[in-house]
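Below: one structure, written as structure tokens.
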Amino acid sequence: MTEDRLQAVTDEVVASFAETKDDRLREIVTSLTRHLHAFARDIALTQEEWEAGIDFLTRVGHITDAKRQEFILLSDVLGLSMLTVGINAPTTANATESTVFGPFFVDDAPEVALGGDIAVGVKGRPCWVSGSVTATDGSPIAGARIEVWEADEDGFYDVQYAGDKLAGRGWLSSGTGGEYRFWSVRPSAYPIPEDGPVGDLLHATGRGPMRPAHLHFKVSAPGHRTVITHIFDSSDTYLDRDAVFGVKPSLVVDFAEHGPGTAPDGRELDSGWASVAFDIVLEKL
Ligand code: BEZ
Ligand code: FE
């Protein structure tokens, strides 16, 4: 096809969306068409490659179910998730930064009291997590909803096990002074699921599947912007090669190690335990 004819294909598709009533939808499909066509032309896409691409996306769809979200995983390894996080970042300088949501959040996690334990038998070293929730002006936020989830010592989330296991996740409310505290386990580095098409992509491109050790937070409060983030363990060796590009320096924190003894809440531990502190700052809406 001549250059004119190739351009005519793109123009024709763009024109087909011209009557779209929703302005934002028209903007999206028009831009998507232009960029998708430019991409195909840039790499001179062959028919076989087009078929391989369709097959890849079909496999992404087939492996996706209520517990396995391969589309999110694909977005994550392509950096689209972090790009979206960045485009929508809070504008107030001291607000807690966000990072990828990931595919392992579940809505119906159990509520735990302040100081409670979200581990519920999850394998790992007990870890005391505490901090505060404040607004960017420093005022405490009482009653913020703090949702947390993490993988066990073997690097698996509860939803990756057979059955309906709910462990290593929960939610609590911040106290009257904005304070929060709970027990969990010290997070471990783990590979993202690599037994599906996204794993095939990582293997074919020589990329690693590892994520540095982290604990997920989703924190919301009326009148404030919800933050979805993690804290990362500063001693982790994968901080500079997170498979999903989620690490931000402000989210890297030190975990302390303690021998057997009395924890801050009076709990007696006959084995070692860890602790970490992290203050969360929410932007006003
Ligand atoms: C996670 O941290 O849970 C996660 C994020 C992106 C892809 C896979 C897992
Ligand atoms: Fe995670």
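The values are calculated or read from the model by the stated rules, or taken from the named source; none is laboratory data. Keep in mind that what you see is a predicted model, and the values were worked out from it rather than measured. Reconstructed Cβ throughout: ideal geometry from the backbone, glycine too, with neighbour counts over all protein chains shown. Each accessible area value is taken on the protein alone, full model and side chains, heavy atoms only, with ligands, DNA and RNA left out. Shrake-Rupley method; radii C 1.70, N 1.55, O 1.52, S 1.80 Å.
Counting heavy atoms of the protein chains only and a 1.4 Å probe, report the per residue accessible area for the chain as a whole number of Å². Result: 52 Å² of accessible area for each residue. Separation of the stretch 116-154 and the stretch 34-76, taken as the distance between their Cα centroids, equals 36 angstrom. Ranked by solvent-accessible area (1.4 Å probe, protein heavy atoms only, all chains present), the residues I141, I228 order from largest to smallest as I228, I141. Between R59 and K21, the contour length at 0.36 nm per residue exceeds the alpha carbon distance by 10.3 nm. 3J(HN,Hα) along the stretch 47-64, derived from phi through the Karplus expression 6.51 cos²θ - 1.76 cosθ + 1.60 where θ = phi - 60°, amounts to 4, 5, 5, 4, 5, 4, x, 5, 4, 4, 5, 4, 5, 4, x, 5, 8, 7 Hz, with x in place of Gly and Pro. For the chain, the longest principal axis of the Cα atoms and the long axis of helix 3-16 meet at an angle of about 60 degrees.
Shown here for the stretch 180-230: trypsin sites (Lys or Arg not before Pro) in loop regions (DSSP other than H, G, I, E, B) with at most 14 other Cβ atoms within 10 Å, namely R207. Here's how it looks for D117: its modeled amide H is under 5 Å from those of W183, which are all 5 or more places away or on a different chain. Using a probe radius of 1.4 angstrom, the carbon and sulfur fraction of the accessible surface of the stretch 87-149 is 53%.
Note on E12/L269: beta-carbon distance plugged into 1/(1 + (r/R0)^6) with R0 of 51 Å gives a FRET efficiency of 0.15. Lysine pair count for the chain with Cα-Cα distance under 22 Å and sequence separation of 8 or more or different chains is 8.
With 0.36 nm allotted per residue and the present C-alpha distance subtracted, the L32-T46 stretch has 3.0 nm of extension available.
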